[in-house]
Amino acid sequence: MGARAYHKICRAEAAMGRSPGLVKDPRGVALLSVRRGHDSPARGLARRGANGEPRRQRDYAGAETVLPSRFCIMRVWSGAFVVVKEVARHILRRPVVGVAAAARTADGRWLLIRRRDTGEWALPGGTLEWGETLREACARELSEEAGVDGVQLGELVGVYSAPHRDRRFHAVTVVVRATVDAPTRPPMNPMEIAEARLFAEAELPRQLSHGMTAMLRDAQAGGAHWE
């Protein structure tokens, strides 16, 4: 629809006492919105059919009026917010602070989680949330990712800040030692974490995900590391 036809419809709507809504042409392209005036019992509100979908009204030689539900609009805004937040994190180019636990049980087994995105094993941990301390974040991540409740946090293993260690973003990760109970439940988010498992020293994987091999090696060696 051209600009001339668009303005012609606007003038026709004004003469008929209608207010703008959402109009689609026969090809499904959104052009203009149409709502009925006070002479219509709908009064501009979307009526729903038996299947719960908004009713559609035909107008202008095949064009149809669609009034989207509030639920659909909220879903779009919610999804857009997540995308904007991730994009802003990269655009602002600020390092992301995280925490990871080099955790062992009382009998000396190491606790690792297997990530869905890489399929590799890793130390349990994650990014710091607003208003959290590192201790609170570490305990939360152990609970969410590994299903561990009994946690005793220990000494600092190191601070890792190499810009290219994590391919997703520039992460600054604080690694601490921890003594934990064995996992009692599966990970809370199975889309992110496939499983949690205890490893004896001889069973540990040779390589961990997200550059965490050096973190585990430093935890085994003792002392403190920072970069």
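I need the full set of residues from the range 84-115 which are in a loop (DSSP other than H, G, I, E, B) and either of a type in the set (Ser, Thr, Tyr) or at pLDDT 95 or above (or both), in order please.
The first filter runs over the range 84-115 and keeps only residues in a loop (DSSP other than H, G, I, E, B), leaving 92-95, 105-109.
Matches in the range 84-115: 105, 106, 107, 108, 109.
Name every residue in the range 187-200 that is in contact with a strand residue (DSSP E or B) (Cβ under 9 Å, 6 or more places away or on another chain) and modelled with pLDDT under 95, in order of residue number. Write out each step before concluding.
Step one: filter the range 187-200 for residues in contact with a strand residue (DSSP E or B) (Cβ under 9 Å, 6 or more places away or on another chain), giving 187, 192-200.
Across the range 187-200, the qualifying residue is only 192.
Filtered by the rule that a residue be crowded, with 18+ Cβ neighbours inside 10 Å, of a type in the set (A, V, I, L, M, F, W, C) and under 18 Å from residue 114 (Cβ atoms), the range 171-187 gives a lone residue, 180. Restricting the range 116-138 to residues that are assigned to a strand (DSSP E or B) and modelled with pLDDT of 95 or more, which is nearest to residue 188 (Cα to Cα)? Across the range 116-138, the extreme among qualifying residues is 125. Here the condition is being free of Cβ contacts under 8 Å to residues at least 60 places away in the same chain, over 22 Å from residue 218 (Cβ atoms), in contact with an Asp or Glu (Cβ under 9 Å, 6 or more places away or on another chain) and not β-branched (Val, Ile, Thr); of 150, 126, it holds for 150 alone.
The values are calculated or read from the model by the stated rules, or taken from the named source; none is laboratory data. Predicted, not measured: the structure shown is a model, and the values here were computed from it. In this analysis, Cβ positions are derived from the backbone assuming ideal geometry, glycine residues included, and neighbour counts consider all displayed protein chains.
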